[in-house]
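The values are calculated or read from the model by the stated rules, or taken from the named source; none is laboratory data. Quantities reported herein were computed from a predicted structural model and do not represent experimental measurements. Positions of Cβ are backbone-derived with ideal geometry, glycine not excepted, and every protein chain shown enters the neighbour counts. Note: areas computed on protein heavy atoms with side chains; ligands, DNA, RNA excluded. Shrake-Rupley method; radii C 1.70, N 1.55, O 1.52, S 1.80 Å.
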Amino acid sequence: MKGTHFTKPTKAEIEVLKVWEEKGKYYAELSSSPFYPDGFGGQIGDRGFIGEVQVLYVPSENVVEIDKPIEKGTFLAKTDIKRREEIARQHTAQHILSAAMEKLFDAQTVGFHMGEDSTTVDIDSDVTVDFEKVMEVSNDVILSDLEVEEIITSPEEAKNYDLRKLSDKAIKSGEVRIIKIGEFDLNACGGFHVSKTGEIGSVRITHSERVKGNLTRIWFVAGKRALNDCLEKEKVLNESSRLFDASWRDLKKRIEKTLSELKEKNSKLKKTAQSLGEYMAKEIRSNDVLEVDEIVASYVSRSRQDIPYLLIFSPNNATVCIPQKSKEEVMKWAHNEGFKGGGKGPVYRFAFDNFSKFKNSFLDFVKEK
């Protein structure tokens, strides 16, 4: 039989049975709840109001986190319908993506987690999945505006359907809810779904990475999230084009050219820093305190390690050479003075809050017999 696409009502008269505070947060226990819990079926939960009190999180079936205390009694509870609709878009898009990956590449979905900004799907596949092709097929399904049906049946009857997956939890529940997307997909599910695929708008896989074994995790956005993702990336693209004084079509070439030039300049700069560092190493004297570039400091400390000196390369960081003291003595001094860092000796690198204090302490320490 067909049912509603949202198995929970959008509003209901409920009774607040208990209110308590825990770790600075307020919670309420309800006699019944129209709010879908967070994490159930892998999706995020409902938000809304109980009277004038806002629902911030739904940890379980009849418990909600609220923004302030509420008296016990009867109230009208309302869910955020716009949020629920967007959840439905993301969840139905996940069904379509998972079905497309299985049909095209025999990639089985083994995990699903919906977040506030994006959703992840973990797939198990022995072959490389072409995500561009997956998106193409998935968006064709969305544009076809297929009907999304809800079928409620028994665990025994559910076995007669060619389902992608039927969990033990669904079987044990005594009632199986199947989501049918045209002739494209059949899958048991307890979450929110759209009535027709066209309501999703579009779906975009934003990136993917290997996680463990044969598993690959993909991140995707659908509905308004997909639109916002495109708008944000277009904004970054336009701003980058202005910075590089290039059209977006030429931006990649301009960036590659700039990186190549930067690599060449960095190579020349490194050679110059090495020459300068080696020259300074010859001229440096005992107990000198010099302000130098960090790269130059590294070449100085490599070339000269027979006398004490201090090289500061930022307001709170310095390299020191202390050859006349053991490593144990140096680290004890630094620890007592509150300086953080260390080294193999005789060269050390330390961080500090006050340079004048560090310099004076260093000079006093190296002059000690």
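Figures for the structure shown
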{"read-out": "Failed criterion for residue 289 (all others in (1) over 39 Å from the mean Cα position of the chain (by Cα); (2) in a loop (DSSP other than H, G, I, E, B) hold)", "value": "(2)"}
{"read-out": "Meets criteria (modelled with pLDDT of 95 or more and either hydrophobic (A, V, I, L, M, F, W, C) or open to solvent by less than 50 Å² (accessible area, probe 1.4 Å) (or both)) for residue 347", "value": "yes"}
{"read-out": "Filter result for residue 247 (touching a helix residue (DSSP H, G or I) at 6+ places or on another chain (Cβ under 8 Å) and surrounded by 12 or more Cβ atoms within 10 Å (Cβ to Cβ))", "value": "no"}
{"read-out": "Counted residues, the range 213-236 - those being surrounded by fewer than 11 Cβ atoms within 10 Å (Cβ to Cβ) and either of a type in the set (S, T, N, Q) or closer than 16 Å to residue 118 by Cβ (or both)", "value": "2"}
{"read-out": "In the range 74-84, the residues that are open to solvent by 30 Å² or more (accessible area, probe 1.4 Å) and either without any contact (Cβ under 8 Å) to a residue 40 or more places away in the chain or not in a helix (DSSP H, G or I) (or both)", "value": "74, 75, 76, 78, 80, 82, 83"}
{"read-out": "For residue 298: the one exception among (1) outside any loop (DSSP other than H, G, I, E, B); (2) within 40 Å of the chain's Cα centre (by Cα); (3) over 22 Å from residue 274 (Cα atoms)", "value": "(3)"}
{"read-out": "Top-ranked residue of the range 169-201 - restricted to ones that are in a helix (DSSP H, G or I) and open to solvent by 50 Å² or more (accessible area, probe 1.4 Å), ranked as nearest to residue 129 (Cα to Cα)", "value": "199"}
{"read-out": "Qualifying positions in the range 191-204 - over 10 Å from residue 226 (Cβ atoms) and either touching a residue at least 60 places away in the same chain (Cβ under 8 Å) or polar (S, T, N, Q) (or both)", "value": "191, 192, 193, 194, 195, 197, 199"}
{"read-out": "Only one of 92, 120 that is in a strand (DSSP E or B) and not acidic (Asp, Glu)", "value": "120"}
{"read-out": "Residues that are touching a His at 6+ places or on another chain (Cβ under 8 Å) and among the β-branched types (Val, Ile, Thr), drawn from the range 139-159", "value": "148"}
{"read-out": "Evaluation of residue 310 against (1) in a helix (DSSP H, G or I); (2) in contact with an Asp or Glu (Cβ under 8 Å, 6 or more places away or on another chain) (one fails), failing number", "value": "(1)"}
{"read-out": "So residue 35, is it not polar (S, T, N, Q) and not in a loop (DSSP other than H, G, I, E, B)", "value": "no"}
{"read-out": "Where a residue in the range 330-355 is closer than 16 Å to residue 309 by Cα and assigned to a loop (DSSP other than H, G, I, E, B) and its partner, wherever it lies, is of a type outside the set (Asp, Glu) and open to solvent by 70 Å² or more (accessible area, probe 1.4 Å), with Cβ under 7 Å and at least six apart", "value": "343/349; 345/327; 346/305"}
{"read-out": "Test set (1) within 24 Å of the chain's Cα centre (by Cα); (2) of a type in the set (Gly, Ala, Ser); (3) crowded, with 17+ Cβ neighbours inside 10 Å - residue 39 fails condition number", "value": "(3)"}
{"read-out": "One residue from 332, 265 being under 39 Å from the mean Cα position of the chain (by Cα), of a type in the set (Lys, Arg) and open to solvent by 50 Å² or more (accessible area, probe 1.4 Å)", "value": "265"}
{"read-out": "Failed item, numbered, when residue 87 is tested on (1) out of contact with any Pro (no Cβ under 8 Å at 6 or more places or on another chain); (2) open to solvent by 30 Å² or more (accessible area, probe 1.4 Å)", "value": "(2)"}
{"read-out": "Filtered residues of the range 121-148 (kept if closer than 25 Å to residue 83 by Cβ and surrounded by 18 or more Cβ atoms within 10 Å (Cβ to Cβ))", "value": "121, 138, 139, 141, 142, 146, 148"}
{"read-out": "Matching entry among 235, 165 (being basic (Lys, Arg) and either touching a helix residue (DSSP H, G or I) at 6+ places or on another chain (Cβ under 9 Å) or part of a loop (DSSP other than H, G, I, E, B) (or both))", "value": "165"}
{"read-out": "Exclusive hit being basic (Lys, Arg) and buried (at least 18 other Cβ atoms within 10 Å of the Cβ), set 210, 164, 204", "value": "204"}
{"read-out": "Residue in the range 97-115 that is farther than 28 Å from residue 157 by Cα, at pLDDT below 95, open to solvent by less than 20 Å² (accessible area, probe 1.4 Å) and part of a loop (DSSP other than H, G, I, E, B) present", "value": "yes"}
{"read-out": "Given (1) among the acidic types (Asp, Glu); (2) under 30 Å from residue 229 (Cβ atoms); (3) open to solvent by 60 Å² or more (accessible area, probe 1.4 Å), number of the condition residue 157 does not satisfy", "value": "(2)"}
